[in-house]
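Bear in mind that the values in this text are calculations on the coordinates, not laboratory data. These figures come from a predicted structure and were not determined experimentally. With ideal geometry, Cβ positions are generated from the backbone for all residues, glycine too; neighbour counts draw on all protein chains shown.
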Amino acid sequence: MITLIEKIGFPLSDENISVIESCAKIIKNGGLVAFPTETVYGLGANALIPDAVKGIYAAKGRPSDNPLIVHINDIDTLNLIAKNISNKAMLLIDKFWPGPLTIIFDKTDVIPKETAGGLDTVAVRMPKNEIAKLLIDKSGVPIAAPSANLSGKPSPTKASHVIDDLNGKVNAIIDGGSSDIGLESTVIDMSTDIPCILRPGAITKSMIESVIGNVILDKNLLNEHEKPKSPGMKYKHYAPDADIILVQGNNINNVVNKIIELSNSYTNKNIGIICTEETKDFYKNYNNVISLGSKNNTETIAKNLFDTFREFNKLNVDIIFAEGLPEENLELAIMNRLKKASGYNIINV
Ligand code: AMP
Ligand code: MG
């Protein structure tokens, strides 16, 4: 398959809009288009056509029991695909849509089982990115879109990441620059009596609680041995090719010293280090050191994480030592991705 690769700039020109219109037509008619959102790039298909949705699973190599997030642009479409929408869910919608919050509802029969991974529920998000919004609008259908990476690889935050993984496997890739957030959406289950966060993201627990009161975290987020409620959270995800060892502790000097000790002990391996602006100078004697940004600017750290994983693939490192962060607010989402990438290979100091 020849993949069309289209670059789109802001503000959108008439030419850009007609490119988005042709991509929308591809989606409406059952094809696959990768497109930017504010979280990560998505691989979109018409959520209402089972064969189109199967195409997503095939292109990504995604297990068929891992349901897709359906992207919409208006509440009429929500009412078409979801039912039993609670008042609390409506409060979240008013506050956080469009934006990086995915909400799980009971599904209607309009959503085929392929889209829902065989579940009775459907995950729905209204994205904020202008290109994503226009694509949904022009296609006139809800768009099922998981992250536009090969299953198991880090989610794509730049079009070049999508091209590396999916060129030749999808009809079109829209290049809209780097993702603003760089981590996948927060997923919250509102289909149960007690709202439950299944995947942490940029909309944090405390932001959600300030709108609807107490919510819980899925047990799997507190203890890796608990079965996650979200099918996708059980797979090893987001990982670079090298093994990652995560070093965590309250005292940053102990963390740095442990990473230096480990780096010195793996003499026959090509090692990489993931650190912050505050600590990078401690690792001057090592070659493959990447700072995610300042620990005082966690938005930048979130934005750089997956790109850094892919940079390490180019450096051909065998093993990566990564500094941990305190697990609160946005750091909870960053640490969730790092822990999963490490396969829970964590050293506490
Ligand atoms: P991705 O689209 O790659 O960001 O992954 C979507 C995430 O949402 C995966 O972890 C899915 O398992 C999860 N998800 C999608 N639909 C549902 C659902 N109905 N119930 C629980 N989790 C879901
Ligand atoms: Mg994904």
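Among the residues of the range 60-67, is any of a type in the set (Ser, Thr, Tyr), crowded, with 20+ Cβ neighbours inside 10 Å and within 22 Å of residue 238 (Cα to Cα)? Talk me through it step by step, then tell me what you get.
Filtering the range 60-67 down to residues of a type in the set (Ser, Thr, Tyr) leaves 64.
So of that shortlist, the ones also crowded, with 20+ Cβ neighbours inside 10 Å come out as none.
No: zero hits.
Read through the list (1) under 18 Å from residue 6 (Cα atoms); (2) of a type in the set (A, V, I, L, M, F, W, C); (3) in contact with a His (Cβ under 8 Å, 6 or more places away or on another chain), then give the number of the only condition that residue 143 fails.
Condition not satisfied by residue 143: (1).
I'm checking my understanding of the structure. Among residues of the range 246-262 that are surrounded by 19 or more Cβ atoms within 10 Å (Cβ to Cβ) and not basic (Lys, Arg), which one is nearest to ligand 2 (Cβ to nearest atom)?
Here is the first cut: in the range 246-262, the residues surrounded by 19 or more Cβ atoms within 10 Å (Cβ to Cβ) are 246-248, 255-256, 258-259.
Now narrow it down to the ones that are not basic (Lys, Arg): 246-248, 255-256, 259.
Numbers: 246: 20, 247: 26, 248: 24, 255: 29, 256: 32, 259: 28 Å.
Checking each candidate, the answer is 246.
Within the bounds of the range 206-213, is there any residue that is among the aliphatic types (A, V, I, L, M), touching a strand residue (DSSP E or B) at 6+ places or on another chain (Cβ under 9 Å) and either in a loop (DSSP other than H, G, I, E, B) or under 24 Å from residue 116 (Cα atoms) (or both)?
Among the residues of the range 206-213, not one is among the aliphatic types (A, V, I, L, M), touching a strand residue (DSSP E or B) at 6+ places or on another chain (Cβ under 9 Å) and either in a loop (DSSP other than H, G, I, E, B) or under 24 Å from residue 116 (Cα atoms) (or both), which makes the answer no.
Mind listing whichever residues of the range 209-255 are more than 16 Å from ligand 1 (Cβ to nearest atom), acidic (Asp, Glu) and without any contact (Cβ under 8 Å) to a residue 40 or more places away in the chain?
209
Run down 76, 94, 51 and say which single residue is of a type in the set (Asp, Glu), surrounded by fewer than 23 Cβ atoms within 10 Å (Cβ to Cβ) and closer than 16 Å to residue 115 by Cα.
51
Out of all the residues in the range 268-294, which are touching a strand residue (DSSP E or B) at 6+ places or on another chain (Cβ under 8 Å) and part of a helix (DSSP H, G or I)?
Once the filter is applied, which keeps residues that are touching a strand residue (DSSP E or B) at 6+ places or on another chain (Cβ under 8 Å) and part of a helix (DSSP H, G or I), the range 268-294 yields 280, 282, 283.
Step by step: first the residues of the range 126-147, then only those that are small (Gly, Ala, Ser) and assigned to a helix (DSSP H, G or I), then the one that is nearest to residue 95 (Cα to Cα). Which residue is that?
Quick first cut of the range 126-147, residues small (Gly, Ala, Ser) only: 132, 139-140, 144-145, 147.
Still in the running and assigned to a helix (DSSP H, G or I): 132, 139.
Values: 132: 19, 139: 26 Å.
Here the answer is 132.
Say whether the condition of being touching a helix residue (DSSP H, G or I) at 6+ places or on another chain (Cβ under 7 Å) and touching a residue at least 12 places away in the same chain (Cβ under 8 Å) is met by at least one residue in the range 73-82.
Within the range 73-82, one or more residues are touching a helix residue (DSSP H, G or I) at 6+ places or on another chain (Cβ under 7 Å) and touching a residue at least 12 places away in the same chain (Cβ under 8 Å).
Looking at (1) surrounded by fewer than 22 Cβ atoms within 10 Å (Cβ to Cβ); (2) touching a Pro at 6+ places or on another chain (Cβ under 6 Å), can you tell me which one residue 149 breaks?
Exception for residue 149: condition (1).
Among what's in the range 1-49 and is among the β-branched types (Val, Ile, Thr) and part of a helix (DSSP H, G or I), pick the residue that is farthest from ligand 1 (Cβ to nearest atom).
17
Could you say which residue among 221, 183, 150, 198 is on the phi < 0 side of the Ramachandran plot, within 14 Å of ligand 2 (Cβ to nearest atom) and not in a loop (DSSP other than H, G, I, E, B)?
On the way: 221 fails: within 14 Å of ligand 2 (Cβ to nearest atom); 183 fails: not in a loop (DSSP other than H, G, I, E, B); 150 fails: not in a loop (DSSP other than H, G, I, E, B).
Among 221, 183, 150, 198, only 198 is on the phi < 0 side of the Ramachandran plot, within 14 Å of ligand 2 (Cβ to nearest atom) and not in a loop (DSSP other than H, G, I, E, B).
Mind listing whichever residues of the range 288-325 are without any contact (Cβ under 8 Å) to a residue 24 or more places away in the chain and surrounded by fewer than 15 Cβ atoms within 10 Å (Cβ to Cβ)?
Those that are without any contact (Cβ under 8 Å) to a residue 24 or more places away in the chain and surrounded by fewer than 15 Cβ atoms within 10 Å (Cβ to Cβ): 294, 296, 297, 314.
Kindly indicate whether residue 201 is within 19 Å of residue 127 (Cα to Cα) and small (Gly, Ala, Ser).
yes
Hey, among 188, 173, which residue is surrounded by 24 or more Cβ atoms within 10 Å (Cβ to Cβ) and under 15 Å from the mean Cα position of the chain (by Cα)?
Checking each option against the conditions leaves just 188.
Scanning the range 153-163 for residues that are part of a helix (DSSP H, G or I) and within 15 Å of ligand 2 (Cβ to nearest atom), which turns out surrounded by the most Cβ atoms within 10 Å (Cβ to Cβ)?
By that ranking, first place goes to 162.
Of everything in the range 178-196, what is more than 10 Å from ligand 1 (Cβ to nearest atom) and small (Gly, Ala, Ser)? Give them in sequence order.
178, 179, 182
Taking only the range 307-325 into account, find how many residues are more than 20 Å from the chain's Cα centre (by Cα) and assigned to a loop (DSSP other than H, G, I, E, B).
Total satisfying the criteria: 4.
Which condition breaks for residue 93 when tested against (1) outside any helix (DSSP H, G or I); (2) out of contact with any strand residue (DSSP E or B) (no Cβ under 6 Å at 6 or more places or on another chain); (3) of a type in the set (A, V, I, L, M, F, W, C)?
Of everything listed in (1) outside any helix (DSSP H, G or I); (2) out of contact with any strand residue (DSSP E or B) (no Cβ under 6 Å at 6 or more places or on another chain); (3) of a type in the set (A, V, I, L, M, F, W, C), residue 93 misses just condition (1).
Is it true that some residue in the range 78-99 is touching a Lys or Arg at 6+ places or on another chain (Cβ under 8 Å) and either over 22 Å from residue 128 (Cα atoms) or within 16 Å of ligand 2 (Cβ to nearest atom) (or both)?
Yes - at least one qualifying residue is present in the range 78-99.
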